[in-house]
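One structure is given here, and the rest of the page talks about it.
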Amino acid sequence: MENSDQTGLHFLKLLQSTSQFDNQDLGIGLLSLDDFIQELSIHPDAAAYATELGEESQQQLLALSEGSPAEYFVSMLTERLVVAARLAGDQPLLIRMTGADSHQRSQLLGAELEEYEVNPLLGLRGVSRYADEGHRKSFELECEAIKRARNAEGMTNIELVIPFVRTFSDAATAIDLLAEQGLCRGAQGLNVHLMAELPANALLTDKFLQYFDGLVVDVDQLAQFTLGLDQTHPSLEYLHDAQNEAVLSLVAQALAATSAVNKPCRVVSSYIHQSPNLQQWLQDHGVTEVITQHKTG
């Protein structure tokens, strides 16, 4: 069920926790695999490369995963995907594949397997991480969970969203890597969307959309990379009004480009409820739904 406020916008849920499965006041708009992996407390590389861990971490992992780290990781993700897909009913369930930076995974069991990055926000994440040989097996586990949910469990309403796609080469690589894992764009109705969080994605939306079935514009991330912000810094509140002309110009370009090729464009923002002006601006530009982690009212 969707919710709306006085502006007329409809709000869908950004699902970040299994506890939200019991809260059906909002329809599910987007599910983040990064958030669900945080709940598992197991680093993806630890599940994929368990034998490379030190003895103490390896024993902890085996105890937590009932002796089979990779299978435990996949089965737990699959279970969560299936529950969410069923709650979504006949509506598409967008699954944001892993795109978090290495710092966000640093407290997970087995995080020592991931190389330290000086600037993780701009480091190996999204497609560049999927393609990296040192992380390929963890990407394969992620794909296996999605395949099981879609194929074995029949949750064909699951659609994929690919984050941190820096270039057209990244876009092509993402589609190829998915196909190698049996997740072929278009097969069994599988739609693959671009997560537009980088200025390049908005500036060149028309060309990026040659590789994807639609767009999901993350206004918060787009603002972060456009304005050079640290979202966690208490003195930087630019995101809270989301009225910066540069950011809005990029969002407008993305909306216009997707409309021109008749492909869907969703909008995500965690700060939308703090910005009535942004809500009105989105409506004025033809947006009727926003995916957010907070409920209105």
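The values are calculated or read from the model by the stated rules, or taken from the named source; none is laboratory data. The structure presented is a predicted model; accordingly, all values stated were derived computationally and were not measured. No Cβ is skipped: glycine too gets one built from the backbone with ideal geometry, and neighbour counts run over all protein chains shown. The protein model used for the area step is the full one, side chains on, heavy atoms only, and it has no ligands, DNA or RNA in it. Shrake-Rupley method; radii C 1.70, N 1.55, O 1.52, S 1.80 Å.
Suppose we keep only residues that are of a type in the set (Val, Ile, Thr) and modelled with pLDDT of 75 or more within the stretch 11-56. Which one would you say is most open to solvent (accessible area, probe 1.4 Å)? For the stretch 11-56, the residue satisfying everything is THR51. Counting the residues of the stretch 259-285 that are open to solvent by 60 Å² or more (accessible area, probe 1.4 Å), without any contact (Cβ under 8 Å) to a residue 40 or more places away in the chain and outside any helix (DSSP H, G or I) gives 2.
Scanning the stretch 175-195 for residues that are surrounded by 13 or more Cβ atoms within 10 Å (Cβ to Cβ) and not in a helix (DSSP H, G or I) yields a total of 11. Sub-6 Å Cβ pairs linking a first residue in the stretch 58-85 that is of a type in the set (A, V, I, L, M, F, W, C) to a second residue that is open to solvent by 60 Å² or more (accessible area, probe 1.4 Å) and outside any helix (DSSP H, G or I), at least 6 apart or interchain, are VAL82/GLU153, ordered by first then second residue. Hey, can you tell me all the residues within the stretch 206-222 that are open to solvent by less than 10 Å² (accessible area, probe 1.4 Å) and either among the small types (Gly, Ala, Ser) or touching a strand residue (DSSP E or B) at 6+ places or on another chain (Cβ under 6 Å) (or both)? PHE208, PHE212, GLY214, LEU215, VAL216, VAL217 - these are the residues of the stretch 206-222 that are open to solvent by less than 10 Å² (accessible area, probe 1.4 Å) and either among the small types (Gly, Ala, Ser) or touching a strand residue (DSSP E or B) at 6+ places or on another chain (Cβ under 6 Å) (or both). The sole residue among LEU93, LEU124 that is closer than 30 Å to LEU229 by Cβ, of a type in the set (A, V, I, L, M), touching a residue at least 12 places away in the same chain (Cβ under 8 Å) and open to solvent by less than 30 Å² (accessible area, probe 1.4 Å) is LEU93.
Every condition in (1) within 19 Å of LEU77 (Cβ to Cβ); (2) aromatic (Phe, Trp, Tyr); (3) outside any helix (DSSP H, G or I) holds for PHE139 except the one numbered (3). Residue-level analysis places GLY67 outside the set of residues that are closer than 30 Å to ARG266 by Cα, at pLDDT below 95, more than 18 Å from the chain's Cα centre (by Cα) and loosely packed, with under 15 Cβ neighbours inside 10 Å. Name the single residue, out of those in the stretch 203-235 being among the aliphatic types (A, V, I, L, M) and either in a loop (DSSP other than H, G, I, E, B) or out of contact with any helix residue (DSSP H, G or I) (no Cβ under 8 Å at 6 or more places or on another chain) (or both), that is nearest to ASP176 (Cα to Cα). Only one residue fits best here, namely LEU209. Exactly one residue out of ALA246, ALA256 is outside any loop (DSSP other than H, G, I, E, B), open to solvent by 40 Å² or more (accessible area, probe 1.4 Å), among the hydrophobic types (A, V, I, L, M, F, W, C) and closer than 16 Å to GLN221 by Cα: that is ALA246. If the condition is being touching a residue at least 12 places away in the same chain (Cβ under 8 Å) and either surrounded by fewer than 20 Cβ atoms within 10 Å (Cβ to Cβ) or on the phi > 0 side of the Ramachandran plot (or both), then the stretch 127-140 contributes SER128, ALA131, GLY134, LYS137, GLU140. Here is a check on your reading of the model: is PHE164 assigned to a loop (DSSP other than H, G, I, E, B) and touching a helix residue (DSSP H, G or I) at 6+ places or on another chain (Cβ under 7 Å)? Taking the combined requirement at face value, the residue satisfies it.
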